[in-house]
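Presented below is the structure to which this report refers.
None of the figures in this text is laboratory data; all of them are computed from the coordinates on show. This is a predicted model, so every value here is computed, not measured. No Cβ is skipped: glycine too gets one built from the backbone with ideal geometry, and neighbour counts run over all protein chains shown.
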Amino acid sequence: MSNPSLLILPGDGIGPEVMAEVKRVIDWFGDKRGLAFDVSEDLVGGAAYDAHGTPLTDETMAKAQEVDAVLLGAVGGPKYDNLDFSVKPERGLLRLRKEMDLFSNLRPAQCFDALADFSSLKREVVAGLDIVIVRELTSGIYFGEPRGIIKEGNERVGINTQRYTESEIDRVARSAFELARKRGNKVCSMEKANVMESGILWREVVQKVHDEDYPDVELSHMYADAGAMQLCRWPKQFDVIVTDNLFGDLLSDAAAMLTGSLGMLPSASLGAPMANGRPKALYEPVHGSAPDIAGQGKANPIACILSFAMALRYSFDQGDEAKRIETAVEKVLADGLRTADLIGEEGVEPVSTRQMGDAILAALDASL
Ligand code: NAD
Ligand code: IPM
Ligand code: MN
């Protein structure tokens, strides 16, 4: 049987820097665990724009549709800020999500014990935290029509449309309930049914899916603004949060700070099962291209490495090997290794992206 296939899209800014460490982890699994992948690599975002005048070529899109999983670094950067909207780096990522139909974006926020004092919240609020935000990823205000900037009288109007069909809500709700059954069996759905019709429909459909097919899972509903507050007040009340595309974007960045740094948060974007039974999937850190630190060897590679661990778990049925990576990360953090984003005022010397990669590989070796 041929090896499972991976398409690597490092992207822009710190994307290639953190992905370089992931590639070493992938090689480690080939060498030491007999888990080899057929890896190909291509351009996305600004890097693709520079080479081809588009943030994602049709060829790369076609490859992404064929492989077993895609790993993406990050896209974007100030160099591309003034490009026409249609060719901005972010459009490449959005096209991948839309055309692969990756409707369910799992964004776990887990607080490693070694970082509990580093969170901007108190230790007792975040210690032991383990929640997942399930963000709807292919619809809502990111994609709704009409959209654009139009002229109205003497001024311009910017327009975006929040839009959800019942089936779009239904499928992401199911993915959240399925996930909850494998975890704490609790789902909190967040919308703004008090002010938005799409929120009313969201709440109704989530409740219906629950009542018909998942009555064993504990379900609650919360307005998303109150949810943001509760996420900071007492995040451990949650297990799985299911929410729309835009609220999920905001809530997951907020959740990042519970774990200490945006450089810690991985994600899995999953679609329907392919012919081989694996879900269509793209794995990427929650963070962006971090232009402020790009090119300096300072970026934290953990979010991207943990995204590969999610690929092992969700695409390749290798939950134990995923755990091996997570335990290795836990160990290097417990040993006191910190990239610059994980250091406050206490004056610990930061390690580089490469040194963090070295330490994680050494911890993987030690796990054998
Ligand atoms: P960002 O996530 O790139 O950076 C926010 C802050 O977090 C910065 O101070 C950065 O240095 C820090 N940070 C992020 N990741 C880090 C890491 N791994 N290690 C250490 N520090 C890290 O968000 P931004 O500055 O708002 O956006 C920059 C660009 O990235 C924009 O063009 C944006 O559109 C894009 N972006 C892309 C993605 C993606 O590719 N999935 C996600 C978010 C933002
Ligand atoms: C994310 C990012 C993206 C989003 C951008 C870069 C398109 O912020 O993945 O969280 O808004 O979804
Ligand atoms: Mn975001």
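Of all residue pairs spaced 6 or more apart or on separate chains, those with beta-carbon atoms under 6 Å, a first member in region 71-86 that is more than 30 Å from P4 (Cα to Cα) and a second member that is more than 11 Å from ligand 2 (Cβ to nearest atom) are G77/G13; G77/G46; G77/P291; P78/P291; Y80/G46. Annotation note: of A366, A255, A281, the sole residue that is out of contact with any His (no Cβ under 6 Å at 6 or more places or on another chain) and without any contact (Cβ under 8 Å) to a residue 60 or more places away in the chain is A366. Summed over region 282-321, the residues that are in contact with a Lys or Arg (Cβ under 7 Å, 6 or more places away or on another chain), more than 14 Å from ligand 1 (Cβ to nearest atom) and assigned to a loop (DSSP other than H, G, I, E, B) give a count of 1. One residue stands out among those in region 1-41 that are part of a helix (DSSP H, G or I), in contact (Cβ under 8 Å) with a residue 12 or more places away in the chain and acidic (D, E): the one that is farthest from Q296 (Cα to Cα), which is E21.
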